[in-house]
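Below is one structure, written out as structure tokens, with a few remarks after it.
The values are calculated or read from the model by the stated rules, or taken from the named source; none is laboratory data. For clarity, every value in this text was computed on a predicted model and none was experimentally measured. Reconstructed Cβ throughout: ideal geometry from the backbone, glycine too, with neighbour counts over all protein chains shown.
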Amino acid sequence: MEQPTDTQKGASKKTRFFDLATIKRVPVADLIGFRVTEAKAGRAVATFEATSKHANPMGTLHGGILCDVADAAMGMAFASTLGEDETLTTVELKINFFRPVWNAKLTAEAQVIQRGKTIGYVECDIRDEDKKLIAKTSSTCLALNGTEGTGR
């Protein structure tokens, strides 16, 4: 199903309706234990429960885990803006850590801030169950047309 896009500058005239139900399995989500619960109109939400199995040697949540969850949320937010024959890749990711995490239920909320014809800028806030900001991330995504994404 397609729907017109007038909110995302530079995106295709029609954007594929992004439906999470069509995504059968995301191996990295299975490995780490997060879930993307929403992805539409340039926004995505991922949830994750941090436990001791995700700890670094200091006992706090490993920063790479937060990067993976944020990257997935930002990628899905950007994916929701893709045209019928487009795929994507992340070309840059940045994260700032504000609070340590031990055991917590986390929510990553991503939003496409700027969408050009091929390049997009996405931000993501990761918060704990008390709504405290744990980390803030940003990424640059590249939309690939047709066969440009083949073989990568």
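General remarks:
- Scanning the range 72-85 for residues that are part of a loop (DSSP other than H, G, I, E, B) and either within 11 Å of A108 (Cβ to Cβ) or of a type in the set (A, V, I, L, M) (or both) yields a single hit, L82.
- Test for R99: is it basic (K, R), out of contact with any His (no Cβ under 6 Å at 6 or more places or on another chain) and in contact (Cβ under 8 Å) with a residue 40 or more places away in the chain: no
- Selection within the range 49-74: residues that are touching a residue at least 60 places away in the same chain (Cβ under 8 Å) and crowded, with 24+ Cβ neighbours inside 10 Å. The member of this set that is farthest from L31 (Cα to Cα) is M74.
- The residue that is surrounded by the fewest Cβ atoms within 10 Å (Cβ to Cβ), among those in the range 26-42 that are outside any loop (DSSP other than H, G, I, E, B) and of a type in the set (A, V, I, L, M, F, W, C), is L31.
Okay, residues lined up against (1) of a type in the set (V, I, T); (2) modelled with pLDDT under 95; (3) not in a strand (DSSP E or B):
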{"position": "A44", "(1), (2), (3)": "no, no, no"}
{"position": "F48", "(1), (2), (3)": "no, no, no"}
{"position": "K53", "(1), (2), (3)": "no, no, yes"}
{"position": "P57", "(1), (2), (3)": "no, no, yes"}
{"position": "C67", "(1), (2), (3)": "no, no, yes"}
{"position": "A70", "(1), (2), (3)": "no, no, yes"}
{"position": "T87", "(1), (2), (3)": "yes, yes, no"}
{"position": "V91", "(1), (2), (3)": "yes, no, no"}
{"position": "I95", "(1), (2), (3)": "yes, no, no"}
